[in-house]
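Report on one structure; see the data block that follows.
The values are calculated or read from the model by the stated rules, or taken from the named source; none is laboratory data. The structure presented is a predicted model; accordingly, all values stated were derived computationally and were not measured. Virtual Cβ from ideal backbone geometry, glycine too; neighbours counted across all protein chains shown.
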2 protein chains.
Amino acid sequence: MPTDTPPEAIDGILRQSWQAFLEYRKFSLQQRAQFMRTIATRLTEAAPDLLKMSMEETHLPEARLRSELTRTVFQLNSYADFCEKGSWLDARIDTADTSRNPSRPDLRKTLTPLGPVIIFGASNFPFAYSTAGGDTACAFAAGCPVIVKAHPAHAQTSELVAACILAAAKACKMPEGIFAHVQGASFETGKALVTHPLTKAVGFTGSFNGGKALFDWANQRPEPIPVFAEMGSVNPVFLFPEKLSTAAHDIASMYADSITQSVGQFCTNPGLIIGIEGKDLQQFIQALGENIRKIPPGTMLHPGIAKAYQEKRAAALIQEGVSKIAESDTAAGNNQGVPTIASVTGAHFFGNPLLHQEVFGPYSLVVRCRDIREMTEVALHLEGQLTTSLIATEQDILQHTPLVEAIKNIGGRFIMNGVPTGVTVALSMQHGGPFPATTDPRFTSVGADGIKRFARPIVYQNWPDALLPEELKNANPLGIWRTVNNELTKDGL
Amino acid sequence: MPTDTPPEAIDGILRQSWQAFLEYRKFSLQQRAQFMRTIATRLTEAAPDLLKMSMEETHLPEARLRSELTRTVFQLNSYADFCEKGSWLDARIDTADTSRNPSRPDLRKTLTPLGPVIIFGASNFPFAYSTAGGDTACAFAAGCPVIVKAHPAHAQTSELVAACILAAAKACKMPEGIFAHVQGASFETGKALVTHPLTKAVGFTGSFNGGKALFDWANQRPEPIPVFAEMGSVNPVFLFPEKLSTAAHDIASMYADSITQSVGQFCTNPGLIIGIEGKDLQQFIQALGENIRKIPPGTMLHPGIAKAYQEKRAAALIQEGVSKIAESDTAAGNNQGVPTIASVTGAHFFGNPLLHQEVFGPYSLVVRCRDIREMTEVALHLEGQLTTSLIATEQDILQHTPLVEAIKNIGGRFIMNGVPTGVTVALSMQHGGPFPATTDPRFTSVGADGIKRFARPIVYQNWPDALLPEELKNANPLGIWRTVNNELTKDGL
């Protein structure tokens, strides 16, 4: 294991990060994009070493890690493209108007980076949501330096990725301190980073306990700072009656795959499936069970996660009214997670908050409701979620408005006849939802819109053209979309 | 005084607000805009009564209140226009692409309202930042019902305004509960509103202590919710050397007006003026003093504010190194605020945090720095601000980069050779800044962009066209700007 960063080093790291911030925020969008693309290139070059080390540390299969690395490179490149296009700055210009009463000055608004950002990566994504992952890419695009707290589950992979970032920084002549890498498994290291006065924002992907602790520390600072913590979700799936009656087998097969993909270690893993008691649901449950039995257990990311899965699964299965439907026919080896499906009535589910909680791993609970009203009650009582899935015909949606409306309250992404796993990196993605899925549902951690977490609007009032930043100059030298006197345009003034 | 709302009524109010939310969020942008415009019309019709009552309650002069009411009507109408145009929904569409690996589903993102919003109005703006003020207009535009906690300083004006909103709601067939009005001066009423589980966001304009209390309550809830609290600012003004040498008299006269406008009761009142010791600054101070002596005291909003001003002014004036430059030659009557200018050296200013705090009223402190480096140090040590003003030539800005960069860290709006008072309502406005100016510098409470405080993104994945909200349908029936496969367009698919 790499050596822990000594606590007394944190202050120096933040001071250097702050100095880098003052320089880096003056860099052009092209320079930021170039830096991000260079990181992507270095990661690609280092792929053999990165894959080898990450396989050792995470026990994830090579194909999965390879595709995650490809995704990470795609994120860096596509956010770089978005950054460079500049429309995300939401530049707004209202020209002076002395005919109005009171007269209007010349006002020009753009975004400015918040300052040094601390990123806490995820145990389950050593590349895409860790050291050079989505949060880091968003912060660099916004104009912020980044300090990554390496995840102890893949600390050495994190070192290798950090080396790629530092090499890219050097090649692109970035200011010293644009990126720093901190090792340390203790809560104290995280707390010291989040509570340092020069820290201006935090990005986190992980457990509820971890994210909530960071959120509380950040809000209790003399100067509170924004925290975007993505803390997981049970991702409820609603089986509407008409659709279920026509496709129980296909849905069961699709969901068996989704539940067990990567040994269920996705924040979008479908942990809860809600349907109406009857022969269609019985058919679905039976088919799901048959599928699950055939899927062998897989080695989980690290022994701690495997142990937590075993414990939480065991605790869930002994709750009143819960019956196991099926588990994998294959015996589990060391640190492996056993694919498992259980079921419970709506009434029991209501009475037991433990059943609403995520069991991180290849586990899903089918809730058997008495009728559509009880199903709606379940939706009304669920906490905030990253995703909800609707297995439904058009007729189902039109007929069951109260249920659909209840589902709309709780999620960030509404999936029609699909599975929640597989989060596309695209501008239209929303990976965020009402608490406790995330700490602020107004932002996303997947897709280039995630940049907005790390920037704030500023206005220049009556500044001479020569002194304005490029994106606000009369001639529109960047050629970006701007809202001028309430109309979107690429024209200059 | 109107009767206090009994604490046991709060739960019923929130429940009704939640029911209204479920209906109101389905209303079209046109219907929301129509509702907002109808409120504007009702306020205009009720103007004589509103002005009479508000003059009694706030002691503000009729001309000021009349222009504030005009501003309030303008806000409602212009935010309604913006709401109706729909581009603020930031609709994004990525069409399905099976040629990619992994293949991309059809993803369509829009904004959805957060839910019931609690608004706490400002003592100093009975119309524009109170019951039917900017926050209320933004929440209605976003699709949220509003519950206003009336400010005790103008509780009866608030009743009259609430009646206008309710009449408009009835005329526009809005759901019962779209708006509620709560009276009560106690902290407990505010706390009950903010901590109710059905409350989903808070808007506040007022003191640091008030705003920070709401922020803390909101973050300590089992489900934390966003609070946008605008908590005031000292709005530092930086006198750059070249500009000061050419225009000391003009600047002094402009600032004497700004400091004393509305008896200094603006959150953008310039409370701190920073310059470099020397004959130019002496000339400025002398001219400012001469101007201030001629400006008579004015009656403040209410006795509590007048008393607080007297006490804070007195406390500021007896600090070590602080000397009074001038005060109004006219003796103050009951509850009047005396225009006052004091001065202090940079060294004394540094050593005394009390001098960094706002003295709400017609008071400003001139900080005399040894040199440009000390002036930069002052900028580096100031807290977050709504505005900063730069009194400077282009040469000044180009020559003193460290000072300009330091100023950029702390403010939301940077004013060149003007005064911070007079906040234009425009899309390009930013009325928000780093803490403690506001609780989240990524949002604004003036300008239609303030709507974004009260909405969150949601994504529809693979939904049939017929079931999508209007703004996401293939044909683009609303004719709004959308980002389709990464390009802004008004075209349909």
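Odds and ends about this structure:
- Lone qualifier among B:Ala132, B:Ala142, B:Ala168, B:Ala137 - being closer than 30 Å to B:Thr70 by Cβ, of a type in the set (Gly, Ala, Ser), within 14 Å of chain A (Cβ to nearest Cβ) and surrounded by 24 or more Cβ atoms within 10 Å (Cβ to Cβ): B:Ala142
- Residues located in segment A:99-124, provided they are outside any strand (DSSP E or B) and either within 14 Å of chain B (Cβ to nearest Cβ) or over 30 Å from A:Met55 (Cβ atoms) (or both): A:Ser99, A:Arg100, A:Asn101, A:Pro102, A:Ser103, A:Pro105, A:Asp106, A:Leu114, A:Gly115, A:Pro116
- Scan of segment A:399-413 for residues that are surrounded by fewer than 22 Cβ atoms within 10 Å (Cβ to Cβ) and at the interface with chain B (Cβ under 10 Å from one of its Cβ atoms), ordered by number: A:Thr401, A:Pro402, A:Val404, A:Glu405, A:Ala406, A:Lys408, A:Asn409
- Single unsatisfied condition, B:Ser445 versus (1) buried (at least 24 other Cβ atoms within 10 Å of the Cβ); (2) in a loop (DSSP other than H, G, I, E, B); (3) at the interface with chain A (Cβ under 10 Å from one of its Cβ atoms): (3)
- Of all residues in segment B:273-331, those that are at positive phi and modelled with pLDDT under 95 total 0.
- Some residue of segment B:457-465 being more than 10 Å from every other protein chain (Cβ to nearest Cβ) and either surrounded by 23 or more Cβ atoms within 10 Å (Cβ to Cβ) or among the aromatic types (Phe, Trp, Tyr) (or both): no
- Residue that is nearest to A:Glu68 (Cα to Cα), among those in segment A:9-53 that are assigned to a helix (DSSP H, G or I) and of a type in the set (Lys, Arg): A:Lys52
- Selection within segment B:430-442 - facing chain A (nearest Cβ under 7 Å) and either within 11 Å of the chain's Cα centre (by Cα) or among the basic types (Lys, Arg) (or both): B:Gln430, B:Arg442
- Residues that are outside any helix (DSSP H, G or I) and either outside the structural domain of A:Ala252 (by TED's automatic domain parsing) or in contact with a His (Cβ under 9 Å, 6 or more places away or on another chain) (or both) within segment A:284-316 comprise A:Gly298, A:Thr299, A:Met300, A:Leu301, A:His302, listed in sequence order.
- Residue in segment A:26-46 that is within 14 Å of chain B (Cβ to nearest Cβ), without any contact (Cβ under 8 Å) to a residue 40 or more places away in the chain and within 23 Å of A:Thr199 (Cα to Cα) present: yes
- Applying a threshold of 7 Å to beta carbon distances and a minimum spacing of six or more residues, or different chains, the list of pairs starting in segment B:172-189 at a residue that is among the aromatic types (Phe, Trp, Tyr) and ending at one that is assigned to a strand (DSSP E or B) and buried (at least 20 other Cβ atoms within 10 Å of the Cβ) reads B:Phe179/B:Val146.
- Number of positions in segment B:323-353 that are in a loop (DSSP other than H, G, I, E, B) and over 31 Å from the mean Cα position of the chain (by Cα): 3
- Whichever residue in segment B:102-125 is within 17 Å of the chain's Cα centre (by Cα) and at pLDDT 95 or above and, among such residues, is farthest from A:Thr424 (Cα to Cα): B:Phe120
- Exactly one residue out of A:Ser54, A:Ser67 is polar (S, T, N, Q) and without any contact (Cβ under 8 Å) to a residue 24 or more places away in the chain, and it is A:Ser67.
- Matching option when the condition is of a type in the set (D, E, K, R), away from every other protein chain (no Cβ under 14 Å) and either in contact (Cβ under 8 Å) with a residue 60 or more places away in the chain or at positive phi (or both), among A:Asp396, A:Asp371: A:Asp371
- One residue from A:Phe208, A:Phe187 being over 22 Å from B:Leu380 (Cα atoms), surrounded by fewer than 19 Cβ atoms within 10 Å (Cβ to Cβ), more than 21 Å from the chain's Cα centre (by Cα) and more than 11 Å from chain B (Cβ to nearest Cβ): A:Phe187
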